Amino acid sequence: MARRRMSPPVLASALLIVCLGTASCGSSSDVEQARQRAVSWAATTTMVGEEWSAGHVPDRYAARTLAATRQEVQKSIGRGPATLTPSLQRLADAVGGVEDAVARRDRAVLPTRLRAVESVRAALTRPGERPS
Amino acid sequence: MKKALEITLGIVTSVGGFLEIGSLATAAQAGAQFGFQLTWAIALGTVCLIFLVEMSGRFSAVSHHTVVDAMRERFGFDFFLIPLVFVGLVTLLVLIAELGGVCLALQLVTGLAFPWFALPVGFAVWLLLWKGTFGVIEEGVSLLGLVTVCFLVAVFWLHAPLRDVAAGLIPSRPAHDRAQYWFIAVSILGASISPYLFYFYSSGAIEDRWDESHLNTNRMVATLGMTFGGVLSAAVLVVAAIVFEPRNIRIERYDQIALILTEPFGWWGFVLFAISLGIACLGAALEITLALTYMVSQGFGWMWGKNARPRDAARFTAMYTSIVIVATLFVLTGLEPLKLTVLSMALTAATLPIAVVPFLVLMNDEHYVGDHGNSWVGNTIVLLITALAFVLAVVSLPLEIAGS
C-alpha cells in the first residue's frame, strides 16, 4: 500500500507562514470597524430605498430590511466608540425616515430621506470623522 | 449514446447542484468586501473537490464499497467514530444552515419571518426523502438548480472586467481587514470541499450500481461538473464585487445579498435570487440529510439505500427522519443564519483532514482499488489544499470568534 504524507517541514513552514501573516496583520481598530459597518448600513439603506423606488423589490422585503438595519444601528449606539455616537444617532434617524417613507409607500418623499442618509454617510467617510 | 446521455445528465446535475447556501454566502461576502481578490480560494477549493469527487466515484466503481463503509472496514469501528462524530456534527450544522436558507428564500418572497417556515420546510424535505427515489432527489432538484446559471448571465450582463477577475486567481495579501480576509478564504474552502459531497457521491455510485465501465463517466462528470459549478460560485463573487463593493456594502445578513441581481435584472433579479436560494438550499438539504444518513447507516452496518422501501430499511428511514427533525428544531429557534453558515463552513475546513486523510489511505490501498490507485499528483494536491484549509481554519477561527 503506497502511503504519501505531507512532510513535517512543509507542514511546519505552511503553518509558520500563515501564523506570521495573520498575526502581523491584526485587525483594524474597533473604531474603524464600527465606522465601516455604519457606512455599510447607510449604503444598504440607500440601495434598498432606490431598488424599492424603482419597483425592483417588494414592499415587505424593503420594510423588513430597513427595520433590521435601523435596529442594528440603534444597537451599536450604546456599544460602539463614543466618537461615533452622534453620527450613529443621525444614521438611525435617517434610516428610520426611509423606513417611514416605505411604510407609507410615499415615493415622492423618498429622495429627500435618501439624501439625509447620504449626508450621514458622507460625514462618516470624511477624514474628520475617521479615527486617526 | 446512452453513455453520452449519462455523462451530460451527470454534468448538468453537478452544475445545478453545486451552489448551496455556503458557497452563495461566502462568495457574496468575499466579493462585497474584497472585490475579485478571493477568486483564488474558489479555484483552489474547486480543484480539490474535482480530485476528491473523482476519487470517490472511482473508489466505489472499482471496489463496490462506499467510502464510509470501507473506512470502517479498513480502520475499525473505533477509529471510524472520530470522523463520524466530527464530520457528522459539522455536517449537521451545514444542514441547519441549508434548511434556514430555504426558509429565508420564502421570507424574501412572503415577508414572513423565516422561522415560520421551519416546520413546513422540514416536512417537505422529509416527504421528498420518503417518497422520492435516489434519481428524483439527485437529478430532479439539481436540474431545477440550473436556475443558478443566472449569476453567470449577470457577469456578462454587467460587463465584468474579466482581466481583473483573472488577476484574482493569484493569491495576494489584502490591503485591509486581513483577519477577515483569511477567515472568508477558509470559509470558501470549507464551502467548496465539504466532505458530505464526496461521501454522498460515493454512496450515489453504489446506488446507481457503478462498475469499472463507469470510470470515464466518473472522470468527465467530476471534472466538467465541478469546474462549471466552481465557475458559478465565482460568478456570485464577481457579481457581488461589482454590485456591493463600490457601494461599501458589507454582507452581514442574507437580506442584503437579495439585492445582488436587482442591478442587472431589476424585479426579476430579486425573484431569481429568491428562487436560486430556495432551490439550491433545498437540493443541498436533501443531499446532506441523505449523506449524514448514509454515513451513520454504513458506519453501523445497517441496511441502507434510498431506492429501498422504507419498511425494508427501517433504521435508515428512522435516521433521516430524526436528522430532519433535529435540524428543523434548530431553525425554529431563529438562529442568525448568515453567521451560522459562515461558521459551519470554517468548521468544515477545520475538520477536513479527519475526512480526507483516511480516504486518501483507502485510495492508495490496492486491496480496494487494485491498479486504479491514486497518482502522486492527486495525493499531493489534495493533501496540500487540505492542509492549507486546516491551518487557515485553525488560525483564523479563534481570531474571527474573538473579533465578533
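I'd like to know if segment B:45-52 contains one or more residues that are touching a Leu at 6+ places or on another chain (Cβ under 6 Å) and either without any contact (Cβ under 8 Å) to a residue 40 or more places away in the chain or within 30 Å of B:R178 (Cα to Cα) (or both). For segment B:45-52, residues touching a Leu at 6+ places or on another chain (Cβ under 6 Å) and either without any contact (Cβ under 8 Å) to a residue 40 or more places away in the chain or within 30 Å of B:R178 (Cα to Cα) (or both): present. Residues in segment B:369-404 that are more than 7 Å from chain A (Cβ to nearest Cβ), farther than 17 Å from B:I50 by Cα and small (G, A, S): B:G370, B:A393, B:A402, B:S404.
Residues in segment A:41-53 that are within 18 Å of B:F244 (Cα to Cα) and either without any contact (Cβ under 8 Å) to a residue 40 or more places away in the chain or touching a helix residue (DSSP H, G or I) at 6+ places or on another chain (Cβ under 6 Å) (or both): A:W41, A:A42, A:A43, A:T44, A:T45, A:T46, A:M47, A:V48, A:G49, A:E51, A:W52.
For (1) closer than 17 Å to B:T133 by Cα; (2) part of a helix (DSSP H, G or I); (3) more than 22 Å from the chain's Cα centre (by Cα), each residue gets a yes or a no:
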position: B:W302; (1), (2), (3): no, no, yes
position: B:A308; (1), (2), (3): yes, no, yes
position: B:D312; (1), (2), (3): yes, no, yes
position: B:T321; (1), (2), (3): yes, yes, no
position: B:V331; (1), (2), (3): no, yes, no
position: B:V342; (1), (2), (3): no, yes, no
position: B:L360; (1), (2), (3): no, yes, no
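The sole residue among B:V326, B:V356 that is touching a residue at least 60 places away in the same chain (Cβ under 8 Å), within 27 Å of B:G101 (Cβ to Cβ) and within 14 Å of another protein chain (Cβ to nearest Cβ) is B:V356. If you go through segment A:48-58 one residue at a time, how many are of a type in the set (G, A, S) and facing chain B (nearest Cβ under 9 Å)? Residues flagged as of a type in the set (G, A, S) and facing chain B (nearest Cβ under 9 Å) within segment A:48-58 amount to 2. The number of residues in segment B:233-255 that are at the interface with chain A (Cβ under 9 Å from one of its Cβ atoms) and either in contact (Cβ under 8 Å) with a residue 60 or more places away in the chain or at negative phi (or both) comes to 9. Apart from one condition, A:L88 fits all of (1) at the interface with chain B (Cβ under 7 Å from one of its Cβ atoms); (2) modelled with pLDDT of 90 or more; the exception is (1). Within segment B:167-210, the only residue that satisfies the criterion of being more than 21 Å from B:M71 (Cβ to Cβ) and either among the acidic types (D, E) or in contact with a strand residue (DSSP E or B) (Cβ under 9 Å, 6 or more places away or on another chain) (or both) is B:D177. Checking each residue of segment A:59-76 against the condition of being at pLDDT below 95, part of a loop (DSSP other than H, G, I, E, B) and either at the interface with another protein chain (Cβ under 10 Å from one of its Cβ atoms) or buried (at least 16 other Cβ atoms within 10 Å of the Cβ) (or both) gives no match. Is it true that B:I184 is within 14 Å of chain A (Cβ to nearest Cβ), within 30 Å of B:I401 (Cα to Cα) and in contact with a helix residue (DSSP H, G or I) (Cβ under 7 Å, 6 or more places away or on another chain)? Spelling it out, B:I184 is indeed within 14 Å of chain A (Cβ to nearest Cβ), within 30 Å of B:I401 (Cα to Cα) and in contact with a helix residue (DSSP H, G or I) (Cβ under 7 Å, 6 or more places away or on another chain).
The conditions of being more than 11 Å from every other protein chain (Cβ to nearest Cβ) and on the phi > 0 side of the Ramachandran plot are not met by B:G230. Please verify whether B:L24 is buried (at least 24 other Cβ atoms within 10 Å of the Cβ) and part of a helix (DSSP H, G or I), treating the condition exactly as stated. Yes; evaluated as a whole, the condition is true for this residue. Touching a residue at least 24 places away in the same chain (Cβ under 8 Å) and buried (at least 19 other Cβ atoms within 10 Å of the Cβ): does that describe B:T333? No, not satisfied. Need the failing condition index for B:W302 against (1) within 14 Å of another protein chain (Cβ to nearest Cβ); (2) surrounded by fewer than 21 Cβ atoms within 10 Å (Cβ to Cβ), just the number. Answer for B:W302: the failing condition is (1). Those helices (runs of 4 or more DSSP H) of segment B:47-157 in which at least 2 residues are more than 18 Å from the chain's Cα centre (by Cα) and farther than 23 Å from B:Y320 by Cα, considering only elements entirely within it, cover B:67-75, B:77-110, B:150-157. In segment B:158-244, counting only helices (runs of 4 or more DSSP H) that sit wholly within it, the ones holding 2 or more residues that are under 28 Å from B:F273 (Cβ atoms) span B:162-167, B:178-192, B:195-207, B:226-243. The sole residue among B:A387, B:A346, B:A313 that is touching a helix residue (DSSP H, G or I) at 6+ places or on another chain (Cβ under 9 Å), surrounded by 19 or more Cβ atoms within 10 Å (Cβ to Cβ) and closer than 16 Å to B:S194 by Cβ is B:A346. Screening segment B:256-269 for residues that are buried (at least 22 other Cβ atoms within 10 Å of the Cβ) and assigned to a helix (DSSP H, G or I) and picking the one that is farthest from the other protein chains (Cβ to nearest Cβ) gives B:I257. On the given criteria, is A:S119 at pLDDT below 90 and in a helix (DSSP H, G or I)? Answer is no for this residue.
The values are calculated or read from the model by the stated rules, or taken from the named source; none is laboratory data. Nothing here was measured: the structure is a model prediction, and the numbers come from that model. Every residue, glycine among them, receives a Cβ derived from its backbone with ideal geometry; neighbour counts consider all protein chains shown.
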